[in-house]
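First up is the structure itself, then whatever we jot down about it.
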Amino acid sequence: MSDNFLDMLVFVRVVQAGSLSAAARELNFSLTVVSRKLSRLEERLGVRLVNRTTRSLALTEEGARFYERCVQILAEIDDAETEASSGRDTASGLLKVTSTFAFGCRWLAPILQEFQEAHPELLVHLDTDDGVVNIVEEGYDLAVRFGALSDSSLIARQIAPNRRVICASPTYLDRRGRPTAIDDLPGHDVIAFGEPPNTHWVFADGRSANVRSKLTTNNGELAHRWALAGAGLVLKSIWDVRDDIDSGKLEIVLPEARLAAAPIHVVFPHSRLAAAKVRLCIDFLSQRLRKAAVAETAL
């Protein structure tokens with residue numbers, strides 16, 4: 001088992017370093033040893049993980065999937081060792097967090113305030129941006145994101161469920177009619193947000209709808225306001241619209257047609273894992289959000 005673990009570590013370092021020779025220097029191994037361990041790992045798995053030449057290497061499809069799992073496994077091991085050796089560490093220094101505007105204001109701001117109060121030596125900086133921020137280049141310790149994640153160089157931890165709903169104001173629905181089936185959706189005005197605008201809604205049972213976006217924006221809060229003003233249907237997280245649904249300002253459309261899952265993740269660079277402030281913050285966010293999710297998803 002120890003050899004398997006070392007082979008996995010070598011593979012991850014080769015991918016991150018960009019070449020066998022660079023990984024060998026980082027690990028203080030000979031190039032021959034690194035090459036042999038990578039070959040042994042591929043032989044044991046029965047698949048080629050890396051296409052390599054004398055000048056470059058590229059992950060195969062199987063290698064990309066295996067790399068993502070290896071990064072997560074190694075992170076879990078680091079996390080376990082850190083907790084065992086410094087379980088009573090206190091968070092200190094500067095913690096930089098980024099998230100979407102609406103979720104950051106409504107949910108993260110009070111939770112992070114509570115976390116900071118529990119760790120007086122900690123400074124918390126929260127940025128809100130509905131675009132996808134490069135957290136490594138921008139120096140963030142962690143990001144809170146919704147749905148599928150594409151950057152395999154980062155570690156992702158699911159911290160809460162996230163039910164998404166299609167909703168609209170009663171004034172719009174009274175004017176245009178209430179959809180009774182997924183096939184009715186393309187005939188409605190839709191408010192879309194994102195880069196590019198998301199006009200393809202996928203449901204948990206595999207069905208989908210190509211909808212027409214008359215208003216688009218890169219700001220989720222603006223899309224929310226357009227929906228409140230009666231401009232059309234919008235796809236939103238229940239975390240963002242629960243209050244308006246409870247008050248009757250928005251109605252859920254097709255509540256029985258569940259959309260594909262898009263859980264909430266916390267994402268962070270591998271290098272940040274050992275820091276007590278990151279580890280403790282992730283645990284704190286997960287605890288608070290999972291508790292709140294019971295109420296937010298109970299519709």
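Before we move on, is S39 hydroxyl-bearing (S, T, Y), over 23 Å from P269 (Cβ atoms) and open to solvent by 30 Å² or more (accessible area, probe 1.4 Å)? Steps first, answer last, please.
On the way: hydroxyl-bearing (S, T, Y): yes; over 23 Å from P269 (Cβ atoms): yes; open to solvent by 30 Å² or more (accessible area, probe 1.4 Å): yes.
It is true that S39 is hydroxyl-bearing (S, T, Y), over 23 Å from P269 (Cβ atoms) and open to solvent by 30 Å² or more (accessible area, probe 1.4 Å).
List the helices (runs of 4 or more DSSP H) inside the stretch 92-179, counting only whole elements, that have at least 3 residues being more than 21 Å from R279 (Cβ to Cβ).
Working: elements: 109-118, 135-138, 170-176.
So the answer is 170-176.
Only strands (runs of 3 or more DSSP E) wholly contained in the stretch 192-263 count here; list those with 1 or more residues that are modelled with pLDDT under 85.
Working: elements: 200-202, 208-210, 212-217, 233-237, 251-253.
Counting at least 1 such residues, we get 200-202, 212-217.
So that you can scan it fast, the table gives a plain yes or no per residue for (1) at pLDDT below 90; (2) of a type in the set (A, V, I, L, M); (3) more than 18 Å from the chain's Cα centre (by Cα); (4) open to solvent by 40 Å² or more (accessible area, probe 1.4 Å):
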| residue | (1), (2), (3), (4) |
| --- | --- |
| Q113 | no, no, yes, yes |
| V124 | no, yes, yes, yes |
| E138 | yes, no, no, yes |
| L142 | no, yes, no, no |
| S153 | yes, no, no, yes |
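Hey, among V190, V278, which residue is among the β-branched types (V, I, T) and either touching an Asp or Glu at 6+ places or on another chain (Cβ under 8 Å) or exposed (fewer than 14 other Cβ atoms within 10 Å of the Cβ) (or both)? Talk me through it step by step, then tell me what you get.
On the way: V190 fails: either touching an Asp or Glu at 6+ places or on another chain (Cβ under 8 Å) or exposed (fewer than 14 other Cβ atoms within 10 Å of the Cβ) (or both).
Checking each option against the conditions leaves just V278.
Take D78 and tell me if it is surrounded by fewer than 17 Cβ atoms within 10 Å (Cβ to Cβ), modelled with pLDDT under 85 and in a loop (DSSP other than H, G, I, E, B).
No, not satisfied.
Name every residue in the stretch 238-261 that is open to solvent by less than 10 Å² (accessible area, probe 1.4 Å) and closer than 26 Å to I135 by Cα, in order of residue number.
Of everything in the stretch 238-261, those that are open to solvent by less than 10 Å² (accessible area, probe 1.4 Å) and closer than 26 Å to I135 by Cα turn out to be I238, W239.
Contact list please: Cβ distance under 6 Å, first residue in the stretch 173-194 and free of Cβ contacts under 8 Å to residues at least 60 places away in the same chain, second residue among the small types (G, A, S) and open to solvent by 10 Å² or more (accessible area, probe 1.4 Å), pairs at least six apart or on different chains.
From the stretch 173-194, the pairs are V190/S213; I191/A231; A192/S213.
State all residues of the stretch 27-43 that are of a type in the set (G, A, S) and either in contact (Cβ under 8 Å) with a residue 24 or more places away in the chain or more than 14 Å from D3 (Cα to Cα) (or both); if no residue qualifies, say none.
Taking the stretch 27-43 first, the residues of a type in the set (G, A, S) are 30, 35, 39.
Hits for the stretch 27-43 are S30, S35.
Checking the conditions here, which among A64, A24 is open to solvent by less than 60 Å² (accessible area, probe 1.4 Å), of a type in the set (A, V, I, L, M, F, W, C) and free of Cβ contacts under 8 Å to residues at least 12 places away in the same chain?
Values: A64 fails: free of Cβ contacts under 8 Å to residues at least 12 places away in the same chain.
It is A24.
The values are calculated or read from the model by the stated rules, or taken from the named source; none is laboratory data. What you are looking at is a predicted structure, and each value in this text was computed from that prediction instead of being measured. As a convention, Cβ positions derive from the backbone with ideal geometry for all residues, glycine included, and neighbour counts pool all protein chains shown. Only protein heavy atoms, including side chains, enter the accessible area calculation; ligands, DNA and RNA are left aside. Shrake-Rupley method; radii C 1.70, N 1.55, O 1.52, S 1.80 Å.
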